Amino acid sequence: MYKLVIFDLDGTLVDSLEDLGNACNSALQKFGYPVHPMESFRYFVGDGVPMLIRRALPEECRTEENISRVKDVFDEIYGKNYNVCTRPYDGIPQLLTRLKAEGILIAVASNKPDNFTQTIVSGMFGDVFSYVSGKKDGFEKKPSPQIALHIMEKLGVSPNET
């Protein structure tokens, strides 16, 4: 019997692709870089914001300085527009309610920066999760199991029960 289910956020609980893509394109545009069709962002996301920016920049412009400058603008834009189009996938709120009703703990582990993860999860799902974590300093990004193991430890659940 499982006691804990850990979910990813983007592309699992919520469809956030359009807000991520729009923020990235706006940040790129500010610096005169070419923008991308929304479908391209399916291949750019999933490994954190710095990697999203790296993948979106033209190959010859992928310096740490450019990535940092574009990321700073992305963070500002996304911080104001993270929930314009982002919505839970159909059936997710009902699934979470059912898991909780069955006494199963639920948590979120995301590569999205922790501040954005916390804001989105609380805004869209309230306090339904027992633990929520985005990318934090000191933790490797997924697919490293580090954050999942941390969540299990905090909630007192073994890997076999998760």
query: So, in the range 76-92, of the ones that are touching a helix residue (DSSP H, G or I) at 6+ places or on another chain (Cβ under 7 Å) and open to solvent by less than 80 Å² (accessible area, probe 1.4 Å), which residue ends up nearest to TYR2 (Cα to Cα)?
result: PRO88
query: Are any residues in the range 93-113 of a type in the set (A, V, I, L, M) and open to solvent by less than 40 Å² (accessible area, probe 1.4 Å), and if so, which ones?
result: LEU96, LEU99, ILE104, ILE106, ALA107, VAL108, ALA109
query: PHE116 passes all but one of (1) in a helix (DSSP H, G or I); (2) of a type in the set (Phe, Trp, Tyr); (3) open to solvent by less than 50 Å² (accessible area, probe 1.4 Å); (4) farther than 30 Å from ASN160 by Cα; which number fails?
result: (4)
message: Can you tell me how many residues within the range 133-149 are over 14 Å from PHE7 (Cα atoms) and assigned to a loop (DSSP other than H, G, I, E, B)?
response: 7
- prompt: For the range 128-144, which residues satisfy the criterion of being open to solvent by 70 Å² or more (accessible area, probe 1.4 Å) and modelled with pLDDT of 95 or more?
  reply: none
message: Yes or no: the range 83-91 includes at least one residue that is outside any loop (DSSP other than H, G, I, E, B) and in contact with a strand residue (DSSP E or B) (Cβ under 9 Å, 6 or more places away or on another chain).
response: yes
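The values are calculated or read from the model by the stated rules, or taken from the named source; none is laboratory data. Every value quoted in this text rests on a predicted model; they were computed, and no experiment measured them. Don't worry about glycine lacking a Cβ; one is built from the backbone with ideal geometry, like all the others, and counts go over all protein chains shown. For the accessible areas, the whole protein counts, side chains as well, though only heavy atoms, and no ligand, DNA or RNA atoms are used. Shrake-Rupley method; radii C 1.70, N 1.55, O 1.52, S 1.80 Å.
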